[in-house]
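The values are calculated or read from the model by the stated rules, or taken from the named source; none is laboratory data. What you see is a predicted model; the values in this text were computed from it and never measured. Note that each Cβ is placed from the backbone with ideal geometry, even for glycine, and that neighbours are counted across all protein chains shown. These area figures cover heavy atoms from the full protein model, side chains too; ligands, DNA and RNA do not enter into them. Shrake-Rupley method; radii C 1.70, N 1.55, O 1.52, S 1.80 Å.
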Amino acid sequence: MTATTSAPTRTTTSHLSPRLTAATAGRVLRQLRHDHRTIAMMLVLPSLLLGLLHLLWQDVPTPPGQPGVFDRVGLTMLGIFPFVVMFLVTSIAMLRERTSGTLERLLTTPLARLDLLLGYGVAFGLAAALQAVVTVAVATTVYDLEVVGSVWLVVLIAVVDAILGVALGLLASAFARSEFQAVQFMPVIVLPQFFLCGLLVPREQMAGWLQAISDVLPLTYAVEALQEVGSSATATGTMWRDVGIVAGAALLALALAAATLRRRTS
Amino acid sequence: MDAVTVTDLVVDRGRRRVLPGLSFAVPAGQVTGLLGPSGSGKTTLMRALVGVQQVRSGRVTVLGEPAGSPSLRGRVGYVTQAPSVYDDLTVRENARYFASLYGMSAREADAALADVGLTAAAGQLVGDLSGGQRGRASLACALVGGPEVLVLDEPTVGLDPVLRVELWERFHGLAAAGTTLIVSSHVMDEAGRCDRLLLLRDGELIADSTPAQLRADGRSQDLEEAFLNVVRAREVVGASEQGREHRSEERARSGAPRGSEPVSRA
Ligand SMILES: Nc1ncnc2c1ncn2[C@@H]1O[C@H](COP(=O)(O)OP(=O)(O)O)[C@@H](O)[C@H]1O
Ligand SMILES: [Mg+2]
């Protein structure tokens, strides 16, 4: 019998704790590790899709002096894949916490709500980093994607995008009562941002009100940051500002997710 | 000393008033059984004790503090009715994660698994376990925190009789070491194993007693019979006579032993 009535190491508060955040991130990564197919898909699928785009634009001539279409679109995709994938993975994972009763149980333990959410952010952020390294390596070597700036900045932006996806996924899952609903939040949250981010139509050519909407959507800044890396050899101020905006939006979404995560339910 | 005091607790779920005004106290260091038919409000009451249930009015105090207080979260363990552990982690990984949330070590996680007889299955994925094993894994994840108050929602459902007896011995061992246990069940034959009994019916407390006292009050050595007599003494005679006939018919048909009869037939 290991029963003890009090232990000196016991955690009695539920303030933010880096130790509990790390424990939760470790747990989420361990769950991922048991799912080999998901890992394989996470690491390989973006490269395969990028390969498809590469083949699509391979023989399309580009005006002299301009970057090729694939260089522009492919680079942007390096930021959009992790955002979409992590949004989906997170909203499903959180919904599973809810329906399996583990969330209810976690809320009775010393784990703070923000610890739980940050744990997801850290875990999927790390997964996204690995994904980005693989995809960027394949894109620049196999598909000859031209990046004028540092590829490590591309990886950084991809990770920040992934964390934005995680944060929005956590927030969206608070409003989903079933898997069917959770999956449908993807087009609702992701597609408008994709349409308006400046990739399909340059932002300057959009109607004023569409541009105004585009201005408040975080993915717009992620795409702009990638375009900056794609066109200048050194990191620009605009790029850092954009990265900051995306990170800020992610933190805001995490805070909102924590606020909408009710400890007491009816 | 009372570990738990509940005063005029009113809980609504949906449009239904599930607990219309409960008051009772649970003494420390004992096994208190919460017995009642399915739907009588046991889970709702337990959720209120651990602070995850929205309550309409009333007061729930655990270890001298309002239920669900941050300072209580390391001291109160909760095992939900449906096992709430991660299917895609091994038994050991689950126990270690919950151990870390309570500030406990991996060694204590292994000890908790030994306590519920899951050492041999420690490396298996929870998703591959039988229902009974899964329930014990869920129990281990609460035991590992060494809680002062342990709230267990139907922990012995679906277990084979030998394991059931072992678990009850374990519960009494924990109580002897000072832990307060509140254990719900919908089968009356578990009532005799408790130090104290709370009998719930439609959210109302029918009895707050001990097995010996209930036998005396209900004028029967058989606790189920005694329970029935107590219920009958409270109700209109005609209605409960009907219920009794129905009950004996059902028993004749199913051939179930009297002791394992669900209270819901009463
Ligand atoms: N989420 C819910 N929303 C509305 N009603 C609920 C909910 N959960 C349970 N109830 C109702 O509350 C009553 C008590 O349920 P519960 O506490 O689960 O009983 P028990 O654990 O004794 O079986 C039941 O009538 C049940 O239908
Ligand atoms: Mg129940």
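Observations, loosely collected:
- Across B:LEU125, B:LEU101, B:LEU63, mean-square fluctuation computed from a Gaussian network of chain B (C-alpha pairs under 10 Å connected) peaks at B:LEU101.
- Database remark: amide H of B:ALA122 closer than 5 angstrom to no amide H (H placed geometrically; neighbours at sequence offset of 5 or more, or on other chains; Pro and chain starts carry no H).
- 1.4 Å probe accessible area per residue over chain A, in Å²: 46
- Averaged over B:138-151, number of beta-carbon atoms from partner chains that fall within 10 Å: 3
- Shielding by partners - mean other protein chain Cβ count within 10 Å, residues of B:94-102: 6
- Shielding by partners - mean other protein chain Cβ count within 10 Å, residues of A:106-115: 6
- On Cα atoms only, tilt of B:91-101 relative to the major axis of chain B in degrees: 90
- Ranked by solvent-accessible area (1.4 Å probe, protein heavy atoms only, all chains present), the residues B:ARG13, B:ARG96 order from largest to smallest as B:ARG96, B:ARG13.
- Kyte-Doolittle mean at least 1.6, axial Cα span of 18 Å or more - DSSP H helices of chain A: A:151-173
- Percent breakdown of C-alpha pair distances by 5 Å bin, ordered from the shortest bin, for the stretch A:108-184: 3, 14, 18, 17, 16, 12, 9, 7, 3, 1, 0
- Residues whose placed amide H lies under 5 Å from that of B:LEU200, excluding near-sequence neighbours: B:LEU35, B:GLY36, B:ILE206
- Positive minus negative residues near B:GLN213 (Lys, Arg vs Asp, Glu; Cβ under 14 Å): 0
- FRET efficiency for the A:ALA137 to B:LEU125 pair, using the beta carbon distance and R₀ = 35 Å, is estimated at 0.60.
- The protein assembly as shown, helix-only ellipticity at 222 nm - DSSP H runs n ≥ 4, -39,500 (n - 2.57), divided by all residues, nearest 500: -18000 deg cm²/dmol
- FRET E, pair B:MET1, A:PHE180, Förster distance 41 Å, beta-carbon r, rounded to 0.05: 0.25
- Listed peptides A:135-148, A:172-185, B:130-143, B:186-199 by packing density, highest first (mean Cβ within 10 Å): B:130-143, B:186-199, A:135-148, A:172-185
- Convex hull volume of chain B per residue (C-alpha atoms, cubic angstrom): 136
- Separation between Cα centres of the stretch B:191-209 and the stretch A:13-74, rounded to whole Å: 56
- Degrees separating the helix B:223-234 axis from the principal Cα axis of chain B, which is the longest one: 50
- The long axis of helix B:106-115 is offset from the longest Cα principal axis of chain B by roughly 40 degrees.
- Take the Cα radius of gyration of the stretch A:25-111 and divide it by 2.2 N^0.38 Å, N being the number of residues; the result is 1.60.
- Packing rank of B:218-226, A:55-63, where each peptide gets the mean count of other beta carbons within 10 Å, highest leading: B:218-226, A:55-63
- Accessible surface buried upon B-A contact (total; probe 1.4 Å; Å², nearest 100): 3900
- Euclidean distance between Cα centres, the stretch B:41-67 to the stretch A:185-252, Å: 47
- Computed 3J(HN,Hα) for the stretch B:157-170, one whole-Hz value per residue from the Karplus formula 6.51 cos²θ - 1.76 cosθ + 1.60 where θ = phi - 60°, is 5, x, 8, 6, x, 5, 5, 4, 4, 4, 5, 5, 4, 4, glycine and proline marked x.
- With N the number of residues in the protein assembly as shown, Rg(Cα) / (2.2 N^0.38 Å) evaluates to 1.19.
- Cβ-based net charge around B:ARG47, under 12 Å, with every Lys or Arg adding one and every Asp or Glu removing one: +3
- Pairwise label distance in nanometres, A:VAL44 with A:SER231, each label 7 Å out on the Cα-Cβ vector: 3.7
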